[in-house]
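Student: Before we start, here is the structure in question, set down as structure tokens.
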């Protein structure tokens, strides 16, 4: 059973936090590693339109519909919401972030 691809949109929080992560990565690991990590993140988000069900429900934001999901990517979680019309990329947070910070993604509106 193939799923219909959905539009992928990202929140302002995601964009801001991604920029901060990349700036830190550049200072800490250098240009080449930062470019590799950015490519990995970008490809994961770009492919969400077709593969949004491949990733597990976010265990920190439980819902009956399992609409909140996350991509576990190295040290970070990309949190997204599946709606009837689209995929909403809400935030990218460090995997060691507090549960309350991860749950705050639920309140992000696009």
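Student: Consider residue 22 carefully, then state whether it is modelled with pLDDT of 95 or more and not in a helix (DSSP H, G or I).
Tutor: Judged against the criteria, residue 22 is not a match.
Student: Just checking, does segment 52-70 include any residue being in contact with a helix residue (DSSP H, G or I) (Cβ under 8 Å, 6 or more places away or on another chain) and part of a strand (DSSP E or B)?
Tutor: Scanning segment 52-70, I find at least one residue that is in contact with a helix residue (DSSP H, G or I) (Cβ under 8 Å, 6 or more places away or on another chain) and part of a strand (DSSP E or B), so the answer is yes.
Student: Kindly list the number of the only condition in (1) surrounded by fewer than 17 Cβ atoms within 10 Å (Cβ to Cβ); (2) under 13 Å from the mean Cα position of the chain (by Cα); (3) modelled with pLDDT of 95 or more; (4) part of a helix (DSSP H, G or I) that fails for residue 9.
Tutor: The number of the failed condition is (4).
Student: In segment 34-44, is there at least one residue being out of contact with any strand residue (DSSP E or B) (no Cβ under 7 Å at 6 or more places or on another chain), outside any helix (DSSP H, G or I) and at pLDDT 95 or above?
Tutor: Checking segment 34-44: not a single residue is out of contact with any strand residue (DSSP E or B) (no Cβ under 7 Å at 6 or more places or on another chain), outside any helix (DSSP H, G or I) and at pLDDT 95 or above.
Student: Take residue 85 and decide whether it is in contact (Cβ under 8 Å) with a residue 40 or more places away in the chain and surrounded by fewer than 14 Cβ atoms within 10 Å (Cβ to Cβ).
Tutor: For residue 85, the condition - in contact (Cβ under 8 Å) with a residue 40 or more places away in the chain and surrounded by fewer than 14 Cβ atoms within 10 Å (Cβ to Cβ) - is met.
Student: Let me ask you something else. List pairs: first in segment 1-28 and without any contact (Cβ under 8 Å) to a residue 60 or more places away in the chain, second surrounded by 14 or more Cβ atoms within 10 Å (Cβ to Cβ) and not in a helix (DSSP H, G or I), Cβ under 9 Å, 6+ apart or cross-chain?
Tutor: Taking only residues 6 or more apart or on different chains, the pairs are 12/108; 12/110.
Student: Working only within segment 68-82, note down all residues that are touching a strand residue (DSSP E or B) at 6+ places or on another chain (Cβ under 7 Å) and surrounded by fewer than 14 Cβ atoms within 10 Å (Cβ to Cβ).
Tutor: 75
The values are calculated or read from the model by the stated rules, or taken from the named source; none is laboratory data. Keep in mind the model is a prediction, meaning the values are calculated, not measured. Using ideal geometry, Cβ is built from the backbone for each residue, glycine included, and neighbour counts are taken over all protein chains shown.
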